[in-house]
Amino acid sequence: MSNAGYILRARAIEKTYTMGRTRLDVLRGVDLEVSEGEWVAVLGASGSGKSTLLHLLGGLDRPGGGAIEFRGSPLGTMGRAELDRYRAASVGFVFQFYHLLPELRVLQNVTLGAMVRHGRIGFRGETRRAAEARARELLEAFGLGNRLGHRPKELSGGERQRVAIARALVNDPPVLLADEPTGNLDRRTGESIVDAIEARRRAGGLTIVMVTHDERIAARADRVVRLVDGLVEPEGDPAGIVSVPAGSE
Ligand code: ADP
Ligand code: MG
């Protein structure tokens with residue numbers, strides 16, 4: 001079957017966690033097709049498997065069943081080196097709690113993202129200076145040009161998240177996977193984070209899969225899907241979800 005136009009394609013994805021004798025079927029046949037340049041928002045109750053799905057899409061974990069393809073290449077048949085390259089160069093990750101290295105300054109945190117570009121630490125074929133230049137450019141675009149020498153603890157939550165986004169984008173990956181990137185921020189700061197991601201998408205055709213609890217943010221996406229009982233329910237037109245009563249998820 002052709003996968004023309006899909007950058008990511010998940011078919012019949014299953015994931016079961018086993019804890020002792022307890023089996024937890026978190027994903028029970030998830031289908032998700034993401035087009036090049038599309039922004040998909042993923043909604044779902046806490047514990048519905050949103051992070052699990054994102055980790056699988058990013059090659060951080062492997063599904064128990066089904067297949068995930070990146071531009072037609074199944075992740076399941078990639079060797080270790082190829083999968084490392086996929087994680088380092090093709091996807092950028094943003095998490096709710098930033099995951100910055102506290103000892104490193106802002107510029108170093110973002111430059112570090114460039115160091116793992118080839119699936120290993122180092123600057124093969126690229127000087128540190130070039131990587132720093134790209135990091136600096138992104139940080140300036142995110143309004144952090146005067147914070148390059150700060151350490152994470154010297155920044156606000158919104159500033160930390162902008163650093164994390166810069167780190168995720170420093171290798172210019174085609175896909176950004178964001179797991180509740182605004183979950184720890186007030187609404188206004190959260191909106192500004194989404195503005196920064198959106199601007200990046202407009203500038204360079206980034207594809208975004210964003211898990212969020214915030215229906216207002218979801219409504220800005222091209223498409224919204226909802227994880228319910230281990231399956232994906234299409235929501236269709238994001239405008240439609242505005243009518244969902246608060247607290248119904
Ligand atoms: P969400 O991101 O939607 O809140 P998660 O994908 O983090 O949900 O988790 C889905 C379910 O799987 C939760 O009930 C969680 O406790 C469980 N789970 C997640 N990761 C693991 C793991 N590594 N081992 C066992 N259970 C897990
Ligand atoms: Mg989660």
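The values are calculated or read from the model by the stated rules, or taken from the named source; none is laboratory data. Owing to the predicted nature of the structure, the values given are computational and were not obtained by experimental measurement. Because the Cβ atoms are built from the backbone with ideal geometry, glycine has one as well, and the counts that use them run over all protein chains shown.
Could we say that L144 is touching a helix residue (DSSP H, G or I) at 6+ places or on another chain (Cβ under 7 Å), under 19 Å from V232 (Cβ atoms) and more than 16 Å from ligand 1 (Cβ to nearest atom) here?
no
Quick check: is even one residue across the stretch 163-186 outside any helix (DSSP H, G or I) and among the basic types (K, R)? Checked against the condition, which is being outside any helix (DSSP H, G or I) and among the basic types (K, R), the stretch 163-186 yields no hits at all. The set of residues from the stretch 52-70 being away from ligand 1 (no atom under 11 Å from the Cβ), of a type outside the set (A, V, I, L, M, F, W, C) and on the phi < 0 side of the Ramachandran plot comprises G58, R62, P63, G64, G65, E69. The criterion of at least 3 residues that are modelled with pLDDT of 95 or more and not hydrophobic (A, V, I, L, M, F, W, C) is met by the following strands (runs of 3 or more DSSP E) wholly inside the stretch 5-84: 6-19, 22-35, 65-70. Scanning the stretch 4-39 for residues that are within 15 Å of ligand 1 (Cβ to nearest atom) and either on the phi > 0 side of the Ramachandran plot or of a type in the set (V, I, T) (or both) gives I13, T16, T18, G20, T22, V26, V30.
Of the residues making up the stretch 143-186, just one is away from ligand 2 (no atom under 16 Å from the Cβ), buried (at least 18 other Cβ atoms within 10 Å of the Cβ) and at pLDDT below 90, namely N171.
Name every residue in the stretch 187-213 that is on the phi < 0 side of the Ramachandran plot and loosely packed, with under 15 Cβ neighbours inside 10 Å, in order of residue number.
Initial filter on the stretch 187-213 (on the phi < 0 side of the Ramachandran plot): 187-204, 206-213.
Selection gives R187, R188, D195, A199, R202, A203, G204.
In the set V224, V228, V209, only one residue is more than 27 Å from L101 (Cβ to Cβ) and either touching a His at 6+ places or on another chain (Cβ under 7 Å) or within 16 Å of ligand 2 (Cβ to nearest atom) (or both); that residue is V228.
So that you can scan it fast, the table gives a plain yes or no per residue for (1) in contact (Cβ under 8 Å) with a residue 60 or more places away in the chain; (2) within 13 Å of ligand 2 (Cβ to nearest atom); (3) more than 23 Å from T182 (Cα to Cα); (4) more than 18 Å from the chain's Cα centre (by Cα):
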{"position": "L8", "(1), (2), (3), (4)": "yes, no, yes, no"}
{"position": "R21", "(1), (2), (3), (4)": "no, no, yes, yes"}
{"position": "W39", "(1), (2), (3), (4)": "yes, no, no, no"}
{"position": "L43", "(1), (2), (3), (4)": "yes, yes, no, no"}
{"position": "K50", "(1), (2), (3), (4)": "yes, yes, no, no"}
{"position": "L53", "(1), (2), (3), (4)": "yes, yes, no, no"}
{"position": "G59", "(1), (2), (3), (4)": "no, no, no, no"}
{"position": "E69", "(1), (2), (3), (4)": "yes, no, yes, no"}
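Test G49 against the criterion of being surrounded by 15 or more Cβ atoms within 10 Å (Cβ to Cβ) and within 13 Å of ligand 1 (Cβ to nearest atom), and give yes or no. The answer is yes for G49. Residue count for the stretch 89-101 satisfying the condition of being in contact with a helix residue (DSSP H, G or I) (Cβ under 9 Å, 6 or more places away or on another chain) and either of a type in the set (G, A, S) or free of Cβ contacts under 8 Å to residues at least 60 places away in the same chain (or both): 2.
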